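Reviewing the structure listed below.
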Amino acid sequence: MTSPSSYEIRPATLRDAKAIAAIYATSSQAAFKAILPGEPFNAVPVDKREAYWRDAIEYSEPQVHVAVQAGVMVGFVGFDRSRDAGTPPTMGEIWAIYLEPAHWGKGAGLALWDSAREGLIEEGCTQVTLWVPLGDERALRFFELAGFKRQMNSIKTVPVGSVRIEEIRLKRALV
């Protein structure tokens, strides 16, 4: 098992947008196959995802940090204030956290979460939420081990490609 210290975490640069888009595509496809085996997954084309992450990095909405090991980007996290309606300005949100599947369970996710947590605290956030597909047991287990609790009254159905999945919001205090 790799320790979190073997990953360098740094703010993303515009040059990282293409690699971030590729990691998003690879990771989301692998996660989707675990959630809904046998269902077709039509990912957003990498060039459109690259444009989205390029804008996010340029305008810091969300803030984006990347995990690098041996000079190769292996994951990223996007975080900022919560996008959920009616939340206070002290509520942060993990907008996205994705890793190359080969790095799942090796400490990169924890290193990215620690970086996002520190960034949200610096922004004055006291709590943080995130949305996870109900069927993504690996992600739910990771975040529950990190201290997040499921908000059972938050379940919603969202389109993912040609199918609809249920997501649940998880929440925890930052300090």
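Per-structure values
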{"item": "Unsatisfied cross-links (Cα-Cα over 28 Å) in the set 48/149; 18/171; 33/171; 106/156; 18/149", "result": "48/149; 18/171; 106/156; 18/149"}
{"item": "Estimated FRET transfer efficiency when R0 is 25 angstrom, pair residue 59-residue 153 (beta carbons, to 0.05)", "result": "0.15"}
{"item": "Inverse mean reciprocal Cα-Cα distance (Kirkwood Rh) of the chain, Å", "result": "16.4"}
{"item": "For segment 57-100, diffusion coefficient by Stokes-Einstein and Kirkwood Rh (Cα), 20 °C, 1.002 mPa s, µm²/s", "result": "186"}
{"item": "Dipole magnitude (debye, nearest 20) for the chain, charges at Cβ of Lys, Arg, Asp, Glu", "result": "360"}
{"item": "Under the span-like rule (Cα at least 24 Å along the axis, Kyte-Doolittle mean at least -0.5), DSSP H helices of the chain", "result": "17-35"}
{"item": "Segment 96-166 - convex hull of the alpha-carbon atoms, volume per residue in Å³", "result": "113"}
{"item": "Charge dipole (segment 4-130, unit charges on Cβ, about Cα centre) - positive-most of 71, 14, 34", "result": "34"}
{"item": "Charge tally in the Cβ shell below 11 Å around residue 56, where Lys, Arg are +1 and Asp, Glu are -1, residue 56 excluded", "result": "-4"}
{"item": "Fewest-first ranking of 162, 115, using other Cβ atoms within 10 Å as the exposure measure", "result": "162, 115"}
{"item": "Positive minus negative residues near residue 66 (Lys, Arg vs Asp, Glu; Cβ under 10 Å)", "result": "-1"}
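Bear in mind these aren't lab numbers, they're just calculated from the coordinates by the rules spelled out. Since we're looking at a predicted model, the values are computed, not measured. Heads up, the Cβs are rebuilt from the backbone with ideal geometry, glycines too, and the neighbour counts pull from every protein chain shown.
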